[in-house]
Amino acid sequence: MDSKDISFVIPLLNEEESLPELVSRIRAVALGQGWTYEIIMVDDGSTDASWKVISSLAKEDANIHGIRFRRNYGKSAALHCGFDAACGHVVATLDADLQDAPEEIPDMYKMIVADGYDVVSGWKKHRKDNTFTKNIPSKLYNATARRVTGIKLHDMNCGIKVYAGEVVKNIEVYGEMHRYIPYLAKNAGFGKIGEKVVRHEKRKYGKSKFGLNRFVNGFLDLLSLSFTSKFSKKPMHFFGFTGILMFLAGFIMTVWIIAAKLIHQANGQPFRAVTDQPLFYLALLAVLLGTMLFLAGFICELISRSAQDRNHYNIKDRF
């Protein structure tokens with residue numbers, strides 16, 4: 001397959017009304033810049049006529065390609081398949097609901113090509129969403145993401161992003177990790193990540209596919225991704241260390257309780273039976289949990305060492 005200047009990857013679900021306008025605007029931008037381009041539209045199990053629209057548009061423009069899932073798998077799966085099919089030196093993603101403006105892409109493209117960025121994320125500084133249900137939770141979510149990932153983006157989950165082609169070929173987007181693609185890129189060794197203020201347009205057709213539950217899921221995914229990025233290849237560093245601390249704490253408490261009882265007994269002072277003290281059972285629990293965590297770390301270490309990608313590293317240069 002011939003390489004292109006840019007690949008546009010568009011994940012979509014039930015967006016039949018917006019697709020013709022979106023494609024028209026993307027084509028106008030690409031032709032205006034003199035780019036060779038392709039538009040990869042990934043239909044994530046739409047139940048409307050989205051696939052018919054995509055097929056019709058592809059007949060009119062050979063640069064349009066379609067991928068259709070048999071059912072809804074989610075945005076991460078759509079992006080993964082789109083990235084796998086992309087052959088552009090630069091890859092741009094946009095949501096299909098027309099809230100992302102294709103006219104923003106040229107400036108972001110220049111940041112990749114001329115300024116050497118690996119990832120450029122859009123920042124919808126002035127949003128057109130409901131303030132209470134989206135803006136406030138979004139600010140909280142992004143503040144947490146900045147703190148955990150160390151990436152200073154104001155809008156981590158913005159749908160409009162531009163990547164160097166090498167980036168999308170060296171990351172795996174799975175589950176619901178599309179929210180954290182910049183973090184995945186950082187963990188893969190692509191550290192030059194920037195952002196650009198983009199305009200946010202009101203939805204013209206249909207309705208939003210996202211509810212408040214995405215913020216809860218987003219926090220859980222962030223914790224999961226943070227943990228796996230740090231300990232996936234060295235699980236014993238977490239489980240073993242935590243287990244040893246709990247075991248030692250429980251062991252010391254147990255020894256202290258028994259020693260205190262024996263000292264009081266030897267001096268003829270009042271004492272409580274060891275088994276009458278709630279702290280004794282908490283100490284035993286800490287010993288047991290510590291042992292279990294250590295063994296869990298040992299088992300995870302064995303699994304990690306047998307993984308096929310245990311020695312997979314992204315090499316930047318070689319001579």
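The values are calculated or read from the model by the stated rules, or taken from the named source; none is laboratory data. This one's a predicted model, so the numbers in the text were calculated from it and none came from an experiment. Cβ: placed from backbone, ideal geometry, glycine included. Neighbour counts: every protein chain shown. Ligands, DNA and RNA are excluded from the accessible area calculation, which covers all protein heavy atoms including side chains. Shrake-Rupley method; radii C 1.70, N 1.55, O 1.52, S 1.80 Å.
Worth a mention:
- Sorting HIS154, HIS200 by accessible area puts them as HIS154, HIS200; the probe is 1.4 Å, largest comes first, and only protein heavy atoms count.
- Remark: C-alpha extents of the range 1-126 on the principal axes read 41, 32, 26 Å, sorted largest to smallest.
- Dipole magnitude of the range 1-70 about its Cα centre (Cβ charges: Lys, Arg +1; Asp, Glu -1), debye to nearest 20: 140
- Measuring only protein heavy atoms, the 1.4 Å probe finds ILE303 accessible over about 110 Å².
- Measuring nothing but alpha carbons in the range 155-209 and taking Rh as the Kirkwood radius, the Rg to Rh ratio lands at 1.02.
- Heavy atoms of the protein chains alone define the surface here; on that basis the chain has 55 Å² accessible area per residue at 1.4 Å probe size.
- For the set LYS204, LYS75, the ranking by accessible area, highest first and with no ligand, DNA or RNA atoms included, is LYS204, LYS75 under a 1.4 Å probe.
- A Cβ-based charge dipole, computed about the Cα centre of the chain with Lys and Arg at +1 and Asp and Glu at -1, lands at about 1000 debye.
- Value of relative contact order over the chain, rounded to a whole percent, pairs C-alpha under 8 Å and six or more apart: 17
- Among LEU94, LEU285, LEU302 the positive-end extreme of the charge dipole of the chain (Cβ point charges): LEU285
- Mean residue ellipticity, 222 nm, helices only, the chain: the sum of -39500 (n - 2.57) across DSSP H runs of n ≥ 4, divided by residue count and rounded to 500, is -15500 deg cm²/dmol.
- Portion, in percent, of the accessible area of the chain that falls on carbon or sulfur, probe 1.4 Å: 59
- Computed accessible area, TYR180, all protein chains, 1.4 angstrom probe, square angstrom: 0
- Distance violations [Cα-Cα > 32 Å] among LYS124/LYS233; LYS75/LYS233; LYS52/LYS110; LYS59/LYS124; LYS124/LYS234; LYS52/LYS161: LYS124/LYS233; LYS52/LYS110; LYS59/LYS124; LYS124/LYS234
- Accessible surface of SER56, taken over heavy atoms with a 1.4 Å probe and every protein chain present, rounds to 60 Å².
- Under 5 Å, built H, 5+ apart or other chain: amide partners of TRP123: LYS196, VAL197, VAL198
- Taking each residue as 0.36 nm, the span from LEU223 to ALA114 lengthens on full extension beyond its C-alpha to C-alpha distance by 35.8 nm.
- For the chain, the spread of Cα coordinates along the three principal axes comes to 96, 55, 38 Å, biggest extent given first.
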